[in-house]
Amino acid sequence: MTAAALELRQVTKRFGDQAAVDRVDLVVPHNKVVALVGESGSGKTTTGLLALRLLAANGGQILLDGQDLTPLSQKALKPFRRQMQVVFQDSYASLDPMMTLGEIIAEPLGIHGLFTAAERRDQARRWLEKVGLDAGYATRYPHELSGGQRQRVAVARALILGPSVLVADEPTSALDVSVKAQIVNLLQDLQADMGLSILFISHDLSVVRSLADEVVVMLRGRVVERAPTDMIFAGARHPYTRALLDAVPVLDPKARRRRSFMSAEEISARTPRYRAAELETQPLVDTAEPQLVALAGSHFVEAIVTG
Amino acid sequence: MRLVEIEDLHVSFSQHDGLVQAVRGVSFGLDSGESLGIVGESGSGKSVTCAALLRLLREPPAKITAKTLSLSGHSVLGISNRAISTLRGRVAAMVFQDPMTSLDPVFTIGHQIAETILAHRKVTKREALAQAVELLRRVEIKNPGAVTNYYPHQLSGGMLQRAMIAMALSCEPDVLIADEPTTALDVTIQAQILQLIKDIQAETGMGLIMITHDLGVIAETVDRVVVMYGGKVMETGPVEAIFSAPLHPYTRALLNSVPGQTAGKQRLVEIAGSSPNPSHPPAGCPFHPRCPLAVAECRQTAPPLETKAAGRQAACIRVAAEMVAA
Amino acid sequence: MTGFIIRRTLSMLVTFIVVSIVIFLMMHSIPGGPFDGNEMPLPDNIRDRLMAQLGLDQPLYVQYLRYMWGALHFDFGVPYQSPGETVMGLVAHAWVPSLVLGGSGIIIGAPIGILLGMAAALNRNSWIDYVASALATLGLTIPVFVTSTLLILVFAVWLHWLPASGWGEPKRWILPILAYAAVPLATYARYARSAMLDTLNKPFVTVLRAKGLSERRIIFQHVLRNSAIPMVTVFLPMFVGIATGSIFVEAMFRVPGLGAYFVSSIEKRDYPLEMALMLLISMLFCISYLLSDILYALLNPRIRVDGSRR
């Protein structure tokens, strides 16, 4: 078995005495898109920062293509940084307003000391075209662009180093509907072209459905369910995943219905229960604490296991 | 008498680098008990239209002109500050996008609801506070008495939006205008707030204007829809008709571009290009640069909003009669 | 809230002690000593005896501890430059004119500045705003000695309305107070304007309008209260000016205040006086920061209601 492009094993991050991310396992296989979904406070963004080693974990391991990054110093990480890049939600804040788009896109090459200045300029222009912008934009500034165009620049900057893993944190959330589709398509095309593996962090289940191969659902720092996308949308097992799916507005006025809402207590009261014999792997039996257990078809759910 | 009557509304902002034409000739109305959705992307002019209706824009830089702009029969154009403030909150109340920044951080929730009541009604402070408790109970806040003593930072976003709705309801307005009321909230909270707004509208029979960029929110909440783009109305009609057979190419493109409508990883139907720049809107139909059906005439003259079928209007010369029939 | 005040007070005391040590070390790190003047060099043995008498031969930490122990009992030693007095007496005596000058300057400058800033913010981009901003910028950029010279030139030399310098009768106070007031006036005007504008641009102000509140109520109840929160942090520390007056204004108008002693005590390595003045200023700064923190917390429910965490 080959190593996954990105893997998190039992990663934990505490802020004060609160665990923002609690023993999270996550696998992004090569050339796949894994969506990390959850609401505010779920720890999904923190998990992304931990994966990028932009935040130090309190425990667990982060592996990039099988190589454990956890013991490495920031300096020793530098070569690995080329392999793993990020796009954030707010492209306006993440692009230096004083730099031209060409400079912004070429900057990572300069940081890693790649190519001559002239070659870097050429690369930047090529990447502008690759993300669907005119090469002439190289001399323009971020404020001259629309939100969607800026997000294209952010994607170009992230991918110019040819990373194997892209962490995209809500990259389409600030965009208009008609532009959102453009960016989702751009990510899909580039993913196919470059064989990228993407960790797509989002609260938008509609985008996730069209883009992701697998979905990981987080709730209060824990992974509560993980399954291939179709399985999540067709047969979610965890009550929280179901509540999330149920809350998405339906595009059909004829399908209007009254929803019933569950409180946090009701959701934890309905944690699924399984007998050990029903499961694919052998879990710990008779612990009161819920654990992530394997069902058929790479479907994992947090559940209480009885003997 | 219509609750809201807007006829040929224009709003522009003078800025150091020129004039921004945010709204360019918008007309629509709202009958009592009706719920109307205004859907559009950023820069479509949907929020500015409603801010103009309550005269919430700073003038200058904003400049508002219209043939008619009225709330429950009261014209809001050319009236004094004092006159408009007696209409705000009483005739038309508003709920905004981000509840975290919509309340004054240094006063309690109870104080802020009570002051709204005191601004419009002759009651004592004590009575106003008692009403605030009742209003909070009505928006399904548990222990409303305690919550009146809370400061905004002590409540979650969902709770604050409930409190904002309670505040908007406090003077029993004829119209509730909700400007992206769920955009800043988590998905599960969004659904709860939409349900609450629907319930209250059904209960009170007030008019509702729901401003949103989210077609799903429109599909879930309103009876009639106004689709805006580039400061103009592209299409209006009953919600079911709009979703089942959109007339305007923009509405159609917008509906098709919504992700996640069918199962499976797939490329989405995108609308090429980007929204028009409100400082330099294109001549003719604002959508023509992105429209697959555009012809020469679309680039020259902006098509008027015309009735194409019963209760349905569209601003497009390319909407053929047979499409309407279909 | 009580816990907050206690924590703040303790941290203020620690700050004060650290600052006093730094000042003491800096003071002694300037080369030379009180008896190293060139005009009348003292014989070495007499110098050594004087140094021993004043305790200056001791290690620095002993000197520091001795001084601070005295200071705790309000004994700040004897100024080398006038051995007939005590530091305490000298400061108390010279402080009065500085206090009058600084106090009146702020009492006049602050309210005018705040009103000016408010008027500018409420009428942004109008002529009121432009005039107020121009005044504020002038007040902050023109050095005090230029303002002072202008005042003397106009009111004393040309118009003969007021005396050019001195302190005795209240008539002589007017020009220095005006010169001194320019700075707080300009500072407060600028801060009041930006704090007000900041609040006016907050979304909740639009919500208040949409509720149907009158503009007056919005400004006086909501906007002012919110703008006051960032302003208190600038407000109180400026009051330290009351203690120190302004060295330049005092020099320009020959006001017999503390200002002159700042310069002379450093020049003459008059350690007890220098240290006393520095301790006085640091103490005032610490207290004003403490007070502004407390006031800030009182105005801001985020801190008042759930303590300083969160």
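Readers should treat all values here as calculations from the given coordinates under stated rules, not as data from a laboratory. Note that the structure is a prediction, hence the values are computed from the model and not measured. Methodologically, a virtual Cβ is constructed for each residue, glycine included, from the backbone with ideal geometry; neighbour enumeration extends over all protein chains shown.
Could you grab the relative contact order for the stretch A:93-162? Cα pairs under 8 Å, six or more apart, rounded to a whole percent.
Numbers: 85 pairs, mean separation 31.1, N = 70.
44 percent.
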Check: C-alpha center the stretch B:225-262 vs C-alpha center the stretch B:47-86, spacing in Å is 28
Please tell me the relative contact order of chain B in percent, rounded to the nearest whole number, where contacts are Cα pairs under 8 Å and at least six residues apart. 20
Nitroxide proxy distance, nm - points 7 Å out along Cα→Cβ at C:L291 and B:Q300: 7.6
Nearest 20 debye, what's the magnitude of the dipole of the stretch C:184-280 about its Cα centre given +1 on Lys and Arg Cβ and -1 on Asp and Glu Cβ? 680
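Restrict the search to the stretch A:69-143; then list the chymotrypsin sites (Phe, Trp or Tyr not before Pro) that DSSP places in a loop and that have at most 15 other Cβ atoms within 10 Å of their Cβ.
A:F115
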Using DSSP to call loops (not H, G, I, E or B), can you name the trypsin sites (Lys or Arg not before Pro) in the stretch B:1-106 whose Cβ has at most 15 other Cβ atoms within 10 angstrom? B:R58, B:K67
For chain C, modelled as a GNM with alpha-carbon contacts under 10 angstrom, which of C:T206, C:T187, C:T86 fluctuates the most? C:T206
Taking B:H153, C:H93, A:H143, A:H299 and counting other beta carbon atoms within 10 angstrom, the fewest-first order is A:H143, C:H93, B:H153, A:H299
Cross-link partners among aspartates and glutamates for C:K268, C-alpha distance below 16 Å, same-chain residues fewer than 8 apart left out? C:D36, C:E39
Helix B:187-204: angle to the longest alpha-carbon principal axis of chain B, degrees 0 to 90, nearest 10? 80
Compute the distance in nm between two label points, each set 7 Å from the Cα along the Cα-to-Cβ direction, one at A:T12 and one at C:W158. 7.8
Work out which helices of chain C, taken as complete DSSP H runs, extend at least 24 Å along their axis over the Cα atoms and score a mean Kyte-Doolittle of -1.0 or more, then list them. C:2-29, C:87-122, C:174-200, C:271-299
Could you name the aspartates and glutamates in cross-link range of B:K265, using Cα to Cα under 14 Å and dropping any fewer than eight places away on the same chain? A:D189, A:D213, A:E214, A:D230
Please state the charge dipole magnitude for the protein assembly as shown, taken about the Cα centre, from unit charges on C-beta atoms (+1 on K and R, -1 on D and E), reported in debye and rounded to the nearest 20. 1140
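Over the whole of B:183-191, what's the average partner chain Cβ count within 10 Å per residue? Rounded to a whole number, please.
6
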Considering only C-alpha atoms, what is the centroid distance from the stretch A:233-302 to the stretch A:40-61, in Å? 24
For the table B:K198/C:K211; B:K125/C:K211; A:K44/C:K202; A:K254/B:K198; A:K13/A:K44; B:K67/C:K211, the rows whose alpha-carbon distance is greater than 19 Å are B:K198/C:K211; A:K44/C:K202; B:K67/C:K211
Exactly which trypsin sites (Lys or Arg not before Pro) in the stretch A:212-271 are in a DSSP loop and have at most 12 other Cβ atoms within 10 Å? A:R257, A:R258
Determine the distance separating the Cα centre of the stretch C:183-207 from the Cα centre of the stretch A:95-156; give it in Å without decimals. 38
Pull up the cross-link candidates among the lysines for B:K308, meaning alpha carbon to alpha carbon under 22 Å and not fewer than 8 places away within one chain. B:K232
Exposure proxy check on C:R193, B:R121: fewest-to-most Cβ neighbours within 10 Å is B:R121, C:R193
Separation in nanometres of the label points that stand 7 Å from Cα toward Cβ, at C:T2 and C:L42: 5.4
Estimated 222 nm signal from helices in chain B, with DSSP H stretches of n ≥ 4 weighted -39500 (n - 2.57), rounded to 500: -9500 deg cm²/dmol
Which shape class applies to the stretch A:93-162: rounded if a/c is under 1.5, otherwise prolate when a/b exceeds b/c and oblate if not, where a ≥ b ≥ c are the square roots of the Cα gyration tensor eigenvalues? prolate
Projecting the Cα atoms of B:A245, A:L145, A:G38 onto the charge dipole of the protein assembly as shown, where Lys and Arg contribute +1 and Asp and Glu -1 at Cβ, the residue farthest towards the positive end is B:A245
How far, in degrees from 0 to 90, does helix A:147-159 lean away from the longest principal axis of the Cα atoms of chain A, to the nearest 10? 90
Can you put B:S102, A:S146 in order, fewest other beta carbons within 10 Å first? A:S146, B:S102
